[in-house]
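Asker: Below is one structure. I have some questions about it.
Values quoted throughout were computed directly from the atomic coordinates according to the rules given, and no laboratory measurement underlies them. Owing to the predicted nature of the structure, the values given are computational and were not obtained by experimental measurement. So basically every Cβ, Gly included, is an ideal-geometry build from the backbone, and we count neighbours across all protein chains shown.
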Amino acid sequence: MPHQDLVVAFRDTPSLTQVRLNKACSHIASEWQQEYSPTASVLIDLPWAQLTHVKVIARTLPFVVHHLSLCIHLHHLDLKASLERDEITLLSLTPNLWRHCESISLPSLSSLTVEYYCGILYPYFFKTLDAPRLSFLELRGDDMDLTRLRPHLREAFLSKLRSWEHLTQLSLQFWLGPYFNSLASIFEATPFVTTLDIMFFMCDGEFFKMLTSGWETDGDSKSTGPLLPLLQVLKLDIKVINPFVREDVTKRSLPDGFYAFLEARARCPDPDRRLRKLVFTGPYPGNLDCGDIAQYVKEGLEFELYPP
């Protein structure tokens with residue numbers, strides 16, 4: 001790859017706090033063979049310490065390895081991994097890479113979005129990330145089947161989720177699945193979540209049963225404890241299976257367990273544990289009876305239904 005000069009035009013910009021970097025801003029070796037390479041670099045010099053918002057598209061590895069730790073005042077970080085095979089990113093490398101990296105401490109980070117594809121199940125750089133004030137986490141991609149991870153990696157991921165005690169907003173946007181065992185593990189590791197935003201192609205009844213299990217009709221939990229006990233806002237984004245085929249959404253039906261979930265959560269006597277808002281987005285479902293939901297709306301539930 002031909003040498004490119006470092007861009008320094010924005011080095012001294014006192015008002016610069018938000019940046020978006022794409023692959024044109026980085027140089028990465030053409031063949032990594034899944035190993036750390038010192039040749040990776042970001043080809044732009046920025047006042048990293050004053051940045052509060054950073055979005056990196058494609059070649060995310062050079063930024064994370066060399067510059068993320070310099071962003072000590074970062075509040076919002078958005079990483080989108082590349083789909084190109086020769087652009088190995090931080091999300092497709094083996095954990096061995098991170099043995100070369102020191103801990104990344106971001107004391108002000110409150111929002112983290114990570115988008116990754118190609119069957120990558122765990123963003124390994126989480127192991128080095130210290131973000132004690134993280135309150136919003138969004139994971140996007142094609143797959144989130146934790147059962148395919150080696151046990152120590154699965155536990156490392158869940159342990160990191162447990163460590164984020166300020167995490168109150170969780171967004172899971174995956175094209176494959178849902179894998180309910182994986183969701184249960186994630187929900188168990190994030191007990192302080194009050195807002196869940198999740199995408200499905202088909203919302204199976206298992207999802208609602210999962211979030212109802214552990215609750216009695218009076219709102220008390222059983223000895224095992226419920227998942228997401230503080231959930232107040234649930235946003236369901238239901239996608240069409242094939243966007244090129246017109247679907248008769250009236251043939252879709254509410255999954256078993258939906259109204260049991262609504263009864264247990266929306267009528268919980270403890271106001272701090274009561275479901276306050278329910279949002280459906282997409283062709284879902286044809287037999288949704290807004291009249292049945294209206295009784296909960298009268299009692300304070302916010303209900304929103306949006307077409308695709």
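Asker: Roughly speaking, what is the stretch gain from His73 to Asn22, that is 0.36 nm per residue apart minus the C-alpha to C-alpha distance, in nm to one decimal?
Answerer: So the chain would gain 16.2 nm between His73 and Asn22.
Asker: Ok, one more. Which entries in Lys239/Lys298; Lys209/Lys277; Lys55/Lys160; Lys209/Lys235; Lys160/Lys239 show an alpha-carbon gap greater than 25 Å? Each step should come with its number before you reach the end.
Answerer: Numbers: Lys239/Lys298 29 Å; Lys209/Lys277 18 Å; Lys55/Lys160 22 Å; Lys209/Lys235 16 Å; Lys160/Lys239 30 Å.
With Cα atoms farther than 25 Å apart: Lys239/Lys298; Lys160/Lys239.
Asker: Would you please put 141-152, 103-114 in order of how densely packed they are, using the mean number of other Cβ atoms within 10 angstrom per residue and starting with the highest?
Answerer: 103-114, 141-152
Asker: Let me ask another. How high is the FRET efficiency from Phe303 to Thr147, r the C-beta distance, R0 30 Å, rounded to 0.05?
Answerer: With R0 = 30 Å, the Cβ-Cβ based efficiency is 0.30.
Asker: Label Asp292 and His53 with points 7 Å out from Cα along Cα→Cβ: what is the distance between them in nm?
Answerer: Between Asp292 and His53, the simple spin-label model gives 4.1 nm.
Asker: Further question on the same structure: At what distance in nm do the modelled label points of Glu206 and Val279 sit from each other, each positioned 7 Å from its Cα along Cα→Cβ?
Answerer: So the label points at Glu206 and Val279 sit 2.6 nm apart.
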